[in-house]
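The values are calculated or read from the model by the stated rules, or taken from the named source; none is laboratory data. Just so you know, these numbers come straight off a predicted model, no measurement behind them. Here the Cβ positions follow ideal geometry from the backbone for every residue, glycine too, while neighbour counts run over all protein chains shown. Surface accessibility is based on the protein's heavy atoms, side chains included, excluding ligands, DNA and RNA. Shrake-Rupley method; radii C 1.70, N 1.55, O 1.52, S 1.80 Å.
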Amino acid sequence: MDLKSKAVSLFRSSFGAEPAVVTRAPGRIEFIGNHTDYNAGTVLGAAIDRGITIAARLRTDGAFAFVSDNGAPTTTVRGRPLTPQQGGAAWVNYPLGVVVALEGRGMPAVAGLEMAVVSDLPPGAGLSSSAAFELSTALALCALQEFTLSREEVVKAGREAENKFVGVPCGILDQGVSGFGKKDSLVHIDCRGPVFSLVPMPAGVRFWIFNTHKKHALVDSLYATRHKECMDAARLLKPSKPGAQWLADFSPAEFAAAAAALPAAAAKRAKHVIEEIARVDAMGQALKSGNLAEAGRLLFASHESSRTLFENSTPELDFLVATLRGVPGVYGSRLTGGGFGGAVMAMTDASFDATAAARVADAYAAKFTDRPDVLACATADGAAVV
Ligand code: GLA
């Protein structure tokens with residue numbers, strides 16, 4: 001059954017009625033630009049052919065009821081103001097946060113909601129199931145409430161839900177790519193605007209995800225720590241360049257000249273971010289000229305910088321990237337997303353197939369005992385009513 005039929009059937013069996021709208025939003029691969037987004041840098045990502053589909057309708061009794069196919073407990077929230085839920089109910093903070101963010105943008109108050117959620121995105125793989133949930137919710141609410149909002153604002157509302165309601169200080173990458181994705185393209189985001197544009201993907205390129213299923217228990221607080229380290233580093237660097245505010249305001253050369261002002265850890269984080277932004281620019285050039293060998297080199301360089309400078313990799317992710325480096329048909333590979341566990345992505349040509357991918361998984365299993373999930377991903381269009 002396709003995801004739309006699944007969502008409609010879950011809605012019917014849960015709420016005994018037909019949904020009024022069905023929407024879908026994709027997950028994303030962070031192609032290159034690791035932890036650059038909240039530093040006002042640039043980043044490239046791709047929406048993928050996996051995502052979250054929701055079926056929804058309004059109700060009038062003040063209740064917000066959510067059901068999911070992923071084993072999360074069916075959850076009903078009543079009463080205003082909407083406040084973040086705890087424990088097993090915390091999964092509904094994504095849609096609740098979107099309700100609050102859209103109402104803050106002038107959408108008429110929602111008097112109640114029923115929603116069925118289905119997904120073919122593995123959670124915890126760094127493929128942004130949360131952004132897909134936020135974007136599919138936002139489009140559903142806009143349709144149900146007949147509220148018109150630009151795509152930029154829909155994307156910003158998704159990020160606001162995550163920042164303010166869920167409490168993760170993420171940048172605009174995940175929501176931006178889920179909102180602006182296009183088949184056969186990468187989404188380029190200049191996060192300062194933010195300004196979204198599309199970069200054509202050279203023909204014949206394939207993406208693979210190797211999901212380790214292992215994530216650091218403190219992943220959210222580690223992300224917040226890195227965020228703070230970057231803000232502190234920018235503050236300490238500012239005096240060296242008039243008008244500078246963000247790490248993205250420094251070129252690698254300007255940073256090198258001013259780095260002595262930073263404590264050792266802050267200097268490593270800042271160096272990663274500033275050089276990663278330069279790699280995003282170099283990637284744009286490499287893709288434009290069809291130089292996939294150079295594109296692959298940049299992916300490996302990004303991972304190496306995550307491993308040694310930003311310190312958001314893990315032995316499992318490092319092993320996968322090192323293994324993929326020697327395999328014919330692999331252009332490049334790196335951890336994708338926030339890090340501290342999750343998944344690596346690989347960019348390959350068509351000669352790298354499921355058998356080659358299984359060999360990489362075998363090598364991993366021989367070392368770490370469990371097997372990573374292997375997903376072949378195609379690029380896909382962004383969030384939409386379906
Ligand atoms: C997570 C966040 C993004 C971005 C990446 C790291 O995916 O949600 O905003 O910061 O980590 O690049």
> Quick one: what pairs do we get from the range 22-39, first residue over 20 Å from V195 (Cβ atoms), second near the ligand (Cβ under 8 Å from one of its atoms), C-beta under 6 Å, 6+ apart or different chains?
Replying inline: G27/S128
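State yes or no: is P19 farther than 23 Å from P122 by Cβ, assigned to a loop (DSSP other than H, G, I, E, B), open to solvent by 40 Å² or more (accessible area, probe 1.4 Å) and not small (G, A, S)?
Working: farther than 23 Å from P122 by Cβ: yes; assigned to a loop (DSSP other than H, G, I, E, B): yes; open to solvent by 40 Å² or more (accessible area, probe 1.4 Å): no; not small (G, A, S): yes.
It is false that P19 is farther than 23 Å from P122 by Cβ, assigned to a loop (DSSP other than H, G, I, E, B), open to solvent by 40 Å² or more (accessible area, probe 1.4 Å) and not small (G, A, S).
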> When the range 86-121 is examined, which residues are found to be part of a helix (DSSP H, G or I) and at positive phi?
Replying inline: G87
> Limited to the range 216-245, what total is found for residues that are surrounded by 20 or more Cβ atoms within 10 Å (Cβ to Cβ) and not in a helix (DSSP H, G or I)?
Replying inline: 0
> in contact with a Lys or Arg (Cβ under 7 Å, 6 or more places away or on another chain) and away from the ligand (no atom under 16 Å from the Cβ): does that describe A65?
Replying inline: no
> Given the conditions (1) away from the ligand (no atom under 16 Å from the Cβ); (2) surrounded by 15 or more Cβ atoms within 10 Å (Cβ to Cβ); (3) under 20 Å from the mean Cα position of the chain (by Cα); (4) of a type in the set (A, V, I, L, M, F, W, C), which single one is not true for A259?
Replying inline: (3)
>> Yes or no: the range 174-187 includes at least one residue that is closer than 19 Å to M345 by Cα, out of contact with any helix residue (DSSP H, G or I) (no Cβ under 6 Å at 6 or more places or on another chain) and of a type in the set (A, V, I, L, M, F, W, C).
In response: yes
>> For a quick check of your reading of the model, give me the residue pairs whose first member lies in the range 127-143 and is closer than 24 Å to K215 by Cα, whose second is surrounded by fewer than 24 Cβ atoms within 10 Å (Cβ to Cβ), with beta-carbon atoms closer than 6 Å and at least 6 apart or on different chains.
In response: L127/L121; S129/L121; S129/P123
> Residues in the range 22-51 that are β-branched (V, I, T) and either open to solvent by 10 Å² or more (accessible area, probe 1.4 Å) or more than 16 Å from the ligand (Cβ to nearest atom) (or both): how many?
Replying inline: 3
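Within the range 81-92, can one find any residue that is surrounded by 24 or more Cβ atoms within 10 Å (Cβ to Cβ) and either out of contact with any strand residue (DSSP E or B) (no Cβ under 7 Å at 6 or more places or on another chain) or among the small types (G, A, S) (or both)? Full working, then the answer.
Step one: filter the range 81-92 for residues surrounded by 24 or more Cβ atoms within 10 Å (Cβ to Cβ), giving 92.
In the following step, the residues that additionally are either out of contact with any strand residue (DSSP E or B) (no Cβ under 7 Å at 6 or more places or on another chain) or among the small types (G, A, S) (or both) were identified as none.
Scanning the range 81-92, I find no residue that is surrounded by 24 or more Cβ atoms within 10 Å (Cβ to Cβ) and either out of contact with any strand residue (DSSP E or B) (no Cβ under 7 Å at 6 or more places or on another chain) or among the small types (G, A, S) (or both), so the answer is no.
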